[in-house]
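**Student:** Input: one structure, supplied below.
Just so you know, all these numbers are worked out from the coordinates, no wet-lab data involved. Every value quoted in this text rests on a predicted model; they were computed, and no experiment measured them. Every residue, glycine as well, gets a Cβ built from its backbone with ideal geometry; the counts of neighbours run over all protein chains shown.
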Amino acid sequence: MDMDELHQLIELMNDNELLELELVEDSKKIRLKKKYDGGPRVIAAPMAAGPVAQAPVAAAAAPVESGPPAGTVTIKSPMVGTFYRSSNPESPAYCEEGDQVSPDTTVCIVEAMKVFNEIKAELEGTIVSILVENGQTVEYGQPMFLVKPS
């Protein structure tokens, strides 16, 4: 893949507000990932051809969400899927409350469409709280962990 093709992929990500893009060709694999800023995002899912359904408008009196407790950072789910604390039922959990994590520490797996996606902490700190139960379905942007940065 040359630089022009790489730039086209980046433009595709920017034009469609994608956070992550993975391309596999023969023995080559390219994965581009943007850092999520925590702001509101909309994911466009592939849909069958046909009439477009309108989503209902949210109620004006929706409750205001409070942010994470002071001094903590939230690790949110990057996709809709099933949350798993370990790679299989016999294995220990990737992390527990009180554990130290680094940016490369795997904290959980989110399974989406039979693909098991390892979720990294992406920061250095201590796990304060695990907000999701093993085997629970998570939504895009749903808080999964609270971390106190070091």
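**Student:** Restricting the range 71-117 to residues that are part of a loop (DSSP other than H, G, I, E, B), among the aliphatic types (A, V, I, L, M) and under 17 Å from Tyr140 (Cα atoms), which is farthest from the chain's Cα centre (by Cα)?
**Tutor:** So the first thing to find is which residues in the range 71-117 are part of a loop (DSSP other than H, G, I, E, B), and the list is 71-72, 77-80, 85-99, 102-105, 113-114.
If we keep only those that are among the aliphatic types (A, V, I, L, M) as well, we get 79-80, 93, 113.
If we keep only those that are under 17 Å from Tyr140 (Cα atoms) too, we end up with 79-80, 113.
Values: Met79: 5, Val80: 8, Met113: 14 Å.
Step by step, filter the range 71-117, then rank; the result is Met113.
**Student:** Right, another one. Taking the range 99-150 as the search range and keeping residues that are without any contact (Cβ under 8 Å) to a residue 40 or more places away in the chain and of a type in the set (Lys, Arg), which one is surrounded by the fewest Cβ atoms within 10 Å (Cβ to Cβ)?
**Tutor:** Applying the filter and picking the extreme gives Lys114.
**Student:** Which residue pairs have Cβ atoms under 9 Å apart, sit 6 or more places apart or on different chains, and have a first residue in the range 4-32 that is in contact (Cβ under 8 Å) with a residue 40 or more places away in the chain and a second that is exposed (fewer than 10 other Cβ atoms within 10 Å of the Cβ) and in a strand (DSSP E or B)?
**Tutor:** Every condition considered, the pairs that remain are Glu20/Arg31.
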